[in-house]
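Everything below concerns the one structure shown next.
The values are calculated or read from the model by the stated rules, or taken from the named source; none is laboratory data. In this text the structure is predicted, and so the values were computed from the model without any measurement. Note that we place each Cβ from the backbone using ideal geometry, even for glycine, and neighbour counts take in every protein chain shown.
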């Protein structure tokens, strides 16, 4: 067992806790944090050495709160991992599907099971966490209610999986970042994540992409977020293949830094082969 | 009064309803819809002729649900407008700030008033709508609770504004799209919004931006959303200056359509001067 527990956001039994288990192959203990903001603070205050935070879902898109925290924090990205999300309908022991009147879950989980819930003909109520919904249905002893969450959440709260794999689209994956206050060495199969400001979208974004294209560096993700300082000005988050200490990556980063007011390297880390 | 009511999402008294009032200078009646999905369906079924939907906030970024609906729907963008968001602390008549123990609101509104709420030392509970929170505090007759919403919401539910302008950052604006099933004529001061697929991010995005740069067409916004068909492939949403029937815009759209599998023009519309 790793003596330093790994932080995650959410309740015990959440998909994020499942991600920690998968990343460390069961060899790490976990510490829950109420919000992503708390999770980043625990890293910065050295209360925890490592944490796993969701960055992107294949159906819903970017987790914008994580992006905003990466912008403001000195936390570094040390790795990435991909978790397949499998939603289950979870209720009290012995409850049948036909008895369910109300289903609680995170709005994204409810949205991902929309067709299933329509056929079931239940009322849906949005809650703030998938595992937290299971906990709530348990504590309220509500036998006509169910929650949508992972099988792990059902086991955590000693509840029944009434039906597994209820999402409308099976191809549902969440990408997580492993975070710490340190940097990691090149492995030869890396990715780098950066943030830069582009006050004039047409010029600076186009020229930055040109810098990568000219060096044959593969971009894997681009995301924009408001600067919050001036309305309708944006930061761009780029992921590209290579380590910041590789020659061509070092060159492109130097070129960009000369042109932009703001460039932040949030980490170079071993990339996962995304066979999904 | 406009005889055809304009649709919006949320409860009566929401910021979206306020936006309708501002856009039509008080000359339109309004119809609330529970979800953005319902709002788009009402347009497609010709139950309403026009609707206003939020697309982007200057602090929180894009309203991804609106982007996803624009991708799937045949609804067209006919206009844009910008509403300044001013949050108020709202409670029962005669309640003092010191009596408040719990504050309800949409999580974005709670986040935008974080420092204020910390000083106030209250518990915060996330709800699904700002105006809906006022309604709930009213109906529960909870005199130790308050909600964060607009002054209009306080007036709608006959509640008191305890304090106005409580957000941590004053520069808070939401951009809305006016939607209908029709297209609008060029005015000479227009913007166009398009969606295209970029299965290979480095190549096709870079070349598309090059097409705009070469013609001197100003891009004002770029946003990516997952295709949902294949993990880690994206649609790009672009806003640029000009009308789709302008010569240089027509040319760039023809060029892009030859290269990409998917190009959708979601509308050309009069642009607002964004003096904020």
Original post:
If we scan region A:215-231, do we find a residue that is over 30 Å from residue B:81 (Cα atoms) and either assigned to a helix (DSSP H, G or I) or more than 12 Å from chain B (Cβ to nearest Cβ) (or both)?
Top reply: no
Subject >> Leading residue by the ranking (farthest from residue A:272 (Cα to Cα)) among those in region A:72-95 that are touching a residue at least 60 places away in the same chain (Cβ under 8 Å) and within 14 Å of chain B (Cβ to nearest Cβ) >> reply: A:85
**OP:** Could you tell me which numbered condition residue A:226 fails, if it satisfies all but one of (1) touching a helix residue (DSSP H, G or I) at 6+ places or on another chain (Cβ under 8 Å); (2) at pLDDT below 95?
**Re:** (1)
**OP:** Identify all residues within region A:114-144 that are away from chain B (no Cβ under 14 Å) and surrounded by 23 or more Cβ atoms within 10 Å (Cβ to Cβ); write none if there are none.
**Re:** A:130, A:131, A:134, A:137
**OP:** Hand me the list of helices (runs of 4 or more DSSP H) wholly inside region B:89-161 holding 1 or more residues that are within 17 Å of residue A:127 (Cα to Cα).
**Re:** B:107-112, B:130-139
**OP:** Taking residue B:206 as the residue in question, decide whether it is within 13 Å of chain A (Cβ to nearest Cβ), under 30 Å from residue B:38 (Cβ atoms), without any contact (Cβ under 8 Å) to a residue 40 or more places away in the chain and not in a strand (DSSP E or B).
**Re:** no
**OP:** Out of the residues in region A:31-41 that are within 30 Å of residue A:114 (Cβ to Cβ) and in contact with a helix residue (DSSP H, G or I) (Cβ under 6 Å, 6 or more places away or on another chain), state the one that is nearest to the other protein chains (Cβ to nearest Cβ).
**Re:** A:36
Original post:
Given the conditions (1) within 30 Å of residue A:218 (Cβ to Cβ); (2) without any contact (Cβ under 8 Å) to a residue 24 or more places away in the chain; (3) part of a loop (DSSP other than H, G, I, E, B), which single one is not true for residue B:273?
Top reply: (1)
Original post:
Is it the case that region A:174-191 has a residue that's out of contact with any helix residue (DSSP H, G or I) (no Cβ under 9 Å at 6 or more places or on another chain), within 30 Å of residue A:115 (Cβ to Cβ) and surrounded by fewer than 19 Cβ atoms within 10 Å (Cβ to Cβ)?
Top reply: no
Original post:
Does region A:144-162 include one or more residues that are within 30 Å of residue A:247 (Cβ to Cβ) and in contact (Cβ under 8 Å) with a residue 12 or more places away in the chain?
Top reply: no
**OP:** Among the residues of region B:171-187, write down those that are assigned to a loop (DSSP other than H, G, I, E, B) and within 11 Å of chain A (Cβ to nearest Cβ).
**Re:** B:171, B:172
Original post:
Does region A:42-71 hold any residues that are surrounded by fewer than 23 Cβ atoms within 10 Å (Cβ to Cβ), within 13 Å of another protein chain (Cβ to nearest Cβ) and not in a strand (DSSP E or B), and which are they?
Top reply: A:59, A:60, A:63, A:64, A:65, A:66, A:67, A:68, A:69, A:71
